[in-house]
Amino acid sequence: MEYIKSHIRDVQDFPSKGILFKDLTTAFKDPRALHIIGWDLSQMYRDKGVTKVVGIESRGFIGGSILAYEIGAGFVPARKPGKLPADTIREEYAKEYGTDVIEIHRDAITPDDIVVLHDDVLATGGTMAAAYKLVKSLNPKKIYINFIIELSALNGRANLPEDAEVTSLIVY
Ligand code: AMP
C-alpha cells in the first residue's frame, strides 16, 4: 500500500483553486503500482460472484477494466451524456455549480447481475450516488461500490446509499 501511495501525485489547485487533486496517472504509469492496484482490487471482489464492473467516465475506466478482467467479470462504461451510441438511461445530479448527467446503456445490466461500481476517487460522492441510482433502476441482484482513493474529510460516504457495501483501497 505504501508503494501505491508513494506513486500518487498531489496537485494543488487543480482543476480549480482550493482543490488538492489526487493524481493517479503517476501510479498507473508505474508497472508495479499498476499491478498492485489490480491485484488488491481483485482480492476484494474475487469470491463475490460479480458479473459486471461499471466504470465511471473517465478515470474509473482504468481500474474498472483491470478489476473486471482479473475477476472474470464484464465491463460496462457509465458515461457523460451523448457518448453512448445505443439506447441509454440517464440520471441527473447536482454539482457545486449547476447539474451533470451520467448515462449507461439500458441493456448493460440485467436482473441476474451482481455489480461493482468503480471510480478512482470518492470526493463528495455525488457522481457515485447518481451511478448507483442508475444501476439500481435496472434491478441487479446486488450492487457493491469501490474506489481506489477515498477522501474521508469530504464525507462522501454520507451521500452513498446505506445498503451499499463500500470499499476503498486507500483512505486519506
Ligand atoms: P464526487 O465529488 O465524489 O462526485 O467526485 C467527482 C469526480 O471527480 C470523481 O469521479 C473523481 O474522479 C473526481 N475528483 C473529485 N475530487 C477529486 C480530487 N480531490 N482528486 C482527484 N479526483 C477528484
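General observations
- Breaking point among (1) within 12 Å of the chain's Cα centre (by Cα); (2) farther than 18 Å from VAL166 by Cβ; (3) buried (at least 22 other Cβ atoms within 10 Å of the Cβ), for ILE104: (1)
Yes or no, residue by residue, for (1) at pLDDT below 95; (2) among the polar types (S, T, N, Q):
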| position | (1), (2) |
| --- | --- |
| TYR3 | no, no |
| LYS29 | no, no |
| THR51 | no, yes |
| ARG59 | no, no |
| LEU84 | no, no |
| TYR97 | yes, no |
| ALA108 | no, no |
| ASP112 | no, no |
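- Taking the conditions (1) part of a strand (DSSP E or B); (2) out of contact with any Pro (no Cβ under 6 Å at 6 or more places or on another chain); (3) farther than 27 Å from VAL171 by Cβ in turn, GLU103 satisfies each one other than (2).
- Meets criteria (part of a loop (DSSP other than H, G, I, E, B), closer than 25 Å to MET44 by Cα and either among the hydrophobic types (A, V, I, L, M, F, W, C) or touching a residue at least 24 places away in the same chain (Cβ under 8 Å) (or both)) for THR110: yes
- Among the residues of the stretch 112-137, those identified as more than 9 Å from the ligand (Cβ to nearest atom) and surrounded by 19 or more Cβ atoms within 10 Å (Cβ to Cβ) are ASP113, VAL115, VAL116, LEU117, HIS118, ALA131, TYR132, LEU134, VAL135.
- If the condition is being within 13 Å of the ligand (Cβ to nearest atom) and within 19 Å of ALA78 (Cβ to Cβ), then the stretch 151-171 contributes GLY156, ASN159, LEU160, VAL166, SER168.
- Here is the figure for the stretch 9-43: residues that are under 16 Å from ILE170 (Cβ atoms), surrounded by fewer than 18 Cβ atoms within 10 Å (Cβ to Cβ), hydrophobic (A, V, I, L, M, F, W, C) and in contact with a strand residue (DSSP E or B) (Cβ under 8 Å, 6 or more places away or on another chain) total 2.
The values are calculated or read from the model by the stated rules, or taken from the named source; none is laboratory data. Just so it is clear, the model here is predicted, and its values are computed rather than measured. Because the Cβ atoms are built from the backbone with ideal geometry, glycine has one as well, and the counts that use them run over all protein chains shown.
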